[in-house]
Amino acid sequence: ISNFRPVKRILDVIEVFNIVNQKVQSELILIGDGPDIDKAKAYVVSKGLESSVHFMGYEKHIDDMLRDADLFLLPSENESFGLVALEAMSFGVPVISTSSGGICELVLDNFNGYTCEVGDVYNMGKKAIHLLLNDNLYKEMCSNAFQTAKKYELKTIIALYEECYREVL
């Protein structure tokens with residue numbers, strides 16, 4: 001789920017999927033649009049993945065897609081927070097992301113997903129395969145992802161902001 005522009009590294013998403021799909025039969029759902037979409041579509045064709053990769057375009061209602069997802073990939077060059085990762089986690093979906101920017105505060109390596117260096121598609125793919133092929137680990141990470149997301153519920157966050165304001169005043 002992205003605006004497909006260079007910082008989001010959409011070709012890395014497709015390459016990670018390509019690695020995973022060689023060991024675990026999968027489908028990749030790409031939601032969004034942007035300047036890199038034509039490059040992404042061409043890359044999918046060059047890898048022969050047309051039957052497994054689905055470009056959904058802009059979608060307003062993503063809940064059903066996230067609810068059905070097994071894994072969420074976010075290999076961005078930089079994320080200030082990663083709101084879309086939080087949305088995935090709210091459905092108990094583990095996240096594999098880069099270890100850059102604020103995303104590391106949300107995606108905790110080996111707890112609710114995995115983090116890797118920017119551009120390290122091999123490790124992202126390897127970790128995704130490991131997670132998808134280990135039921136107990138997968139269930140644990142799904143639960144941890146959901147528990148992490150609960151910490152960001154509106155009533156919890158508002159209480160934290162109010163406390164912060166009280167301390168400042």
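The values are calculated or read from the model by the stated rules, or taken from the named source; none is laboratory data. In this text the structure is predicted, and so the values were computed from the model without any measurement. No Cβ is skipped: glycine too gets one built from the backbone with ideal geometry, and neighbour counts run over all protein chains shown. Accessible surface areas use protein heavy atoms only, side chains included; no ligands, DNA or RNA. Shrake-Rupley method; radii C 1.70, N 1.55, O 1.52, S 1.80 Å.
Here are the numbers:
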{"item": "Pick from region 3-21, criterion touching a Gly at 6+ places or on another chain (Cβ under 7 Å) and in contact (Cβ under 8 Å) with a residue 40 or more places away in the chain, ranking: nearest to ILE96 (Cα to Cα)", "result": "VAL16"}
{"item": "Filtered residues of region 51-67 (kept if open to solvent by 40 Å² or more (accessible area, probe 1.4 Å) and closer than 19 Å to ASP12 by Cβ)", "result": "HIS54, PHE55, MET56"}
{"item": "Yes/no for ASP70 being assigned to a helix (DSSP H, G or I), open to solvent by 40 Å² or more (accessible area, probe 1.4 Å), over 14 Å from SER97 (Cα atoms) and not basic (Lys, Arg)", "result": "no"}
{"item": "One residue from VAL84, VAL95 being open to solvent by 20 Å² or more (accessible area, probe 1.4 Å), among the aliphatic types (A, V, I, L, M) and out of contact with any Cys (no Cβ under 8 Å at 6 or more places or on another chain)", "result": "VAL84"}
{"item": "One residue from ILE31, ILE103 being within 25 Å of TYR152 (Cβ to Cβ) and in a helix (DSSP H, G or I)", "result": "ILE103"}
{"item": "Matching residues in region 43-66 - criterion: being assigned to a helix (DSSP H, G or I), farther than 19 Å from GLY119 by Cα and of a type in the set (A, V, I, L, M)", "result": "VAL45, MET65, LEU66"}
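For every residue, the table says whether it meets (1) more than 18 Å from VAL16 (Cβ to Cβ); (2) under 9 Å from the mean Cα position of the chain (by Cα).
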| site | (1), (2) |
| --- | --- |
| TYR43 | no, no |
| SER46 | no, no |
| LEU49 | no, no |
| LYS60 | yes, no |
| ASP63 | yes, no |
| ALA69 | no, no |
| SER76 | no, no |
| PHE81 | yes, no |
| VAL95 | no, yes |
